[in-house]
Amino acid sequence: MVQPIDMNLDELKLALAPRLGAHAGFDGWGEAALARAAEELGVPADRARLAFPGGTADMVDAWFDGVDRAMLEAFPAETIAAMKIRDRIRELLLFRLGTLAPHREALRRALAILALPRNAPRGAALAWRSADRIWRTAGDAATDFNHYSKRAILIGVYGATTMVFLDDESEDLAETRAFLDRRIDEVMRFEKAKARWRGPGGGPPFSLGRFLGRLRYPAV
């Protein structure tokens, strides 16, 4: 096993990422959290800083990447194969939220950083990356329009659910789970309707924007 002091910058970034998330809720995404994470890992703060040349946005990026990687490890192909597609997406999302649950303040601060105008493209890219990884883990191999529509819809579902999750004080995230189940039910109903629209005779045009809007601002 590579010792922290001997890690290259990519390895160091992966090792620091979860520690950053643990401290960012109290210290913010900046030098203080990075110094604490570096101290825990046993590397100089100056070297740790080199792993994040883009500053706070790079730190948030690495943290989210670490959550993605943990999800991939927790759901090997044989585990996913035993689930229905609906359950695959549900459990993958709940795993992510469960991983983030001890660090909700860090997540709140991370989302605020990504919402800044200069970071908005980065935030959109990270959302797409996570959605793509979730669908690929779930076994999706679509390469046509469905490849894009599935990921766009998932971003809407996950984004809306995250807003509920951030303020959820119920036992075992019961409110978040119920909200997510309702959103997934909406998607499943939409997929059935879309299949009917594609049948003989066609049907009304589908607006992805309107559908995502309903997912983002649903009645709870």
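The values are calculated or read from the model by the stated rules, or taken from the named source; none is laboratory data. Small disclaimer: the values here were computed from a predicted structure and weren't measured. Backbone-built Cβ (ideal geometry, glycine too); neighbour counts: all protein chains shown.
Some notes on this structure:
- Only listed residue being among the small types (Gly, Ala, Ser) and either crowded, with 19+ Cβ neighbours inside 10 Å or in contact (Cβ under 8 Å) with a residue 40 or more places away in the chain (or both), chosen from 32, 15: 15
- Candidate set from region 115-136 (those that are part of a helix (DSSP H, G or I) and over 13 Å from the mean Cα position of the chain (by Cα)); member that is surrounded by the fewest Cβ atoms within 10 Å (Cβ to Cβ): 117
- Only a single criterion out of (1) surrounded by fewer than 19 Cβ atoms within 10 Å (Cβ to Cβ); (2) farther than 22 Å from residue 187 by Cα; (3) not β-branched (Val, Ile, Thr) is not satisfied by residue 107, namely (1).
- Listed by first and then second residue, the pairs linking a residue in region 140-166 that is under 13 Å from residue 93 (Cα atoms) to a residue that is at pLDDT 95 or above and in a loop (DSSP other than H, G, I, E, B), with Cβ atoms under 9 Å apart and 6 or more places separating them unless they lie on different chains, form an empty list.
- Of the residues screened, residue 91 is one that is part of a helix (DSSP H, G or I), within 18 Å of residue 164 (Cβ to Cβ) and free of Cβ contacts under 8 Å to residues at least 40 places away in the same chain.
Here is a yes/no grid of residues against (1) within 22 Å of the chain's Cα centre (by Cα); (2) crowded, with 22+ Cβ neighbours inside 10 Å; (3) at pLDDT below 95; (4) at negative phi:
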| residue | (1), (2), (3), (4) |
| --- | --- |
| 3 | no, no, yes, yes |
| 9 | no, no, no, yes |
| 24 | yes, yes, no, yes |
| 48 | no, yes, no, yes |
| 53 | no, no, no, yes |
| 60 | yes, yes, no, yes |
| 66 | yes, no, no, yes |
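- Boolean, residue 166 is under 21 Å from residue 72 (Cβ atoms) and surrounded by 13 or more Cβ atoms within 10 Å (Cβ to Cβ): no
- Within the set 64, 26, 52, the sole residue that is touching a helix residue (DSSP H, G or I) at 6+ places or on another chain (Cβ under 8 Å) and without any contact (Cβ under 8 Å) to a residue 40 or more places away in the chain turns out to be 52.
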